[in-house]
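What follows is a short report on a single structure.
The values are calculated or read from the model by the stated rules, or taken from the named source; none is laboratory data. From a predicted model like this one, the values you see are computed outputs, not experimental measurements. Every residue, glycine as well, gets a Cβ built from its backbone with ideal geometry; the counts of neighbours run over all protein chains shown. Surface accessibility is based on the protein's heavy atoms, side chains included, excluding ligands, DNA and RNA. Shrake-Rupley method; radii C 1.70, N 1.55, O 1.52, S 1.80 Å.
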Amino acid sequence: ALNAMSREVSGRLSERDLTQVQWGPLFMIHTCRCRTAAALARELNVDTGSMTRTLDRLEDKGYLRRERSTDDRRVVKLVLTEAGERVIAEIPYVLSDVLNDFLQGFTRAEHDQLFALLSRLLENGERLQNEHS
């Protein structure tokens, strides 16, 4: 199901010249969850080389820029440009539309049950991750 949803999101985002791999980092930067390449690589579970190449492409497209930290010159912060902010503003709508399309025909009770089960699955995963940390 996740792969099918990812393919659909990718198809819809291709109109905006974004791939599945590219919108994730933009969204993470936008929500201030990650501000460096290393933090993005950790959070998105990809190697730093791959993340650097993705960020290079996004910078070439004009969606982000790299800025040296004024606190620590070794740190390079990632900042969205105006074009990056415009394109990222569309992402929640695309994700919502895809999710709504995939949930079409579900009753309210089925919808609620699915989300309850997925929430429990995530909680179990977080518990296991914390046990192994």
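Multiplying the sequence separation of Tyr93 and Arg53 by 0.36 nm and subtracting their Cα-Cα distance, what value in nm do you get? Don't jump to the answer; show the numbers that get you there.
Numbers: separation 40, 0.36 × 40 = 14.40 nm, distance 2.66 nm.
Full extension from Tyr93 to Arg53 adds 11.7 nm.
Looking at the square roots a ≥ b ≥ c of the eigenvalues of the Cα gyration tensor of the range 1-118, which shape do they give, rounded for a/c under 1.5, prolate if a/b is larger than b/c, or oblate?
Numbers: a/c = 2.44, a/b = 1.97, b/c = 1.24.
Verdict is prolate for the range 1-118.
What trypsin sites (Lys or Arg not before Pro) in the range 67-130 are in a loop by DSSP, with at most 16 other Cβ atoms within 10 Å of the Cβ?
On the way: sites: Arg68, Arg73, Arg74, Lys77, Arg86, Arg108, Arg120, Arg127; in loops: Arg73, Arg74.
Answer by residue number: Arg73, Arg74.
Quick one: ranking Leu95, Leu78 by accessible area, 1.4 Å probe, largest first, what do you get?
Numbers: Leu95 55, Leu78 5 Å².
Of Leu95, Leu78, the descending order of accessible area is Leu95, Leu78.
By its C-alpha gyration tensor, with a ≥ b ≥ c as the square roots of the eigenvalues, how is the range 13-52 shaped: rounded for a/c under 1.5, else prolate for a/b larger than b/c, else oblate? Display every interim value, and only then the final one.
Values: a/c = 2.66, a/b = 1.44, b/c = 1.85.
In terms of gyration-tensor shape, oblate.
Just to verify a number: FRET efficiency for Leu44 and Phe106, C-beta to C-beta distance, R0 = 35 Å, to 0.05?
On the way: r = 29 Å, r/R0 = 0.83.
Efficiency computed from Cβ-Cβ geometry: 0.75.
Given the options Thr81, Thr52, Thr31, state which has the largest fluctuation in a GNM of the chain using a 10 Å cut-off (strictly under) for Cα springs.
Thr31
Put a dot 7 Å past each Cα toward the Cβ at Val76 and Lys61; how far apart are the dots in nm?
Simple spin-label model gives 1.9 nm for this pair.
For the range 52-133, give the percent of accessible area contributed by carbon and sulfur heavy atoms, probe 1.4 Å, rounded to a whole number.
Accessible surface attributable to carbon and sulfur in the range 52-133 totals 50 percent.
Please list 3J(HN,Hα) in residue order for the range 53-63, calculated via the Karplus relation 6.51 cos²θ - 1.76 cosθ + 1.60 where θ = phi - 60°; whole Hz, with x for glycine and proline.
Calculated HN-Hα couplings, in order: 5, 4, 5, 4, 4, 5, 5, 4, 7, x, 8 Hz.
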